[in-house]
Amino acid sequence: MLKINEIKVGDYFIAENEGDQKLGVVSDINFMNHQVCINAGVPDLWYSISQIKPIPLNEKAMTNLKFTKQINPDGTVKFSKGAFRLLIPKEGDFSKMEIWYRDEHRHIQSPIFIHELQNHFKSMTNIVLSNIAY
């Protein structure tokens, strides 16, 4: 289950309302009422935490986030965007990963979602990871 304190403005989620699902970006957060405002077109709409779903991090997501993919001779796969790097053990295996930016390295031992990668990217680079193309 999502926690409101893990959500940041700019994070991508799937918003669901009465069976209608839309990809959107968080434009505002109401911590008191546990609601997020999602921009999924016009107009922005408020959703409760139970109405938004995280998007799994996978190769399609990395491509949509405009990362460049490189398959290494040892079978590991590196995705890069500028000086930011993400390394997975083999193609399609996002069960654990290493991410780094300049001198900072982080080892992640379980699958994560796009919004979590966005939050790592922001805290390491001070740049918002956005412009997703779905």
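What follows draws every value from the coordinates through simple rules; no lab data is involved. Because the structure is predicted, anything quoted here is derived from the model rather than measured. With ideal geometry, Cβ positions are generated from the backbone for all residues, glycine too; neighbour counts draw on all protein chains shown.
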Helix 114-125 versus the longest principal axis of the chain: what angle, 0 to 90°, nearest 10, using Cα atoms?
60
Quick check: residue separation of GLU59 and ASP74 times 0.36 nm, minus the Cα distance between them. What number comes out in nm?
3.6 nm
Just in the range 1-52: which trypsin sites (Lys or Arg not before Pro) are loop by DSSP and have at most 11 other Cβ atoms within 10 Å?
LYS3
When only C-alpha pairs under 8 Å and at least 6 residues apart count, what is the relative contact order of the chain, in percent?
19
Can you compute the radius of gyration and Dmax for the chain, using only the Cα atoms, both in Å?
15.5, 50
Qualifying chymotrypsin sites (Phe, Trp or Tyr not before Pro) in the range 1-57, DSSP loop, other Cβ atoms within 10 Å at most 14
PHE31
Exposure rule at most 13 other beta-carbon atoms within 10 Å, DSSP loop GluC sites (Glu not before Pro): the chain longest free segment
19-90
Pick from VAL36, VAL25, VAL77 the residue whose mean-square fluctuation is largest in a GNM of the chain, springs joining Cα atoms under 10 Å.
VAL77
Using a Cα distance threshold of under 13 Å, what count of lysine pairs results for the range 31-85 when pairs must be 8 or more residues apart or interchain?
4
Which loop trypsin sites (Lys or Arg not before Pro) in the range 83-113, with loop taken from DSSP, have no more than 14 other Cβ atoms within 10 angstrom of their Cβ?
LYS90, LYS96, ARG102
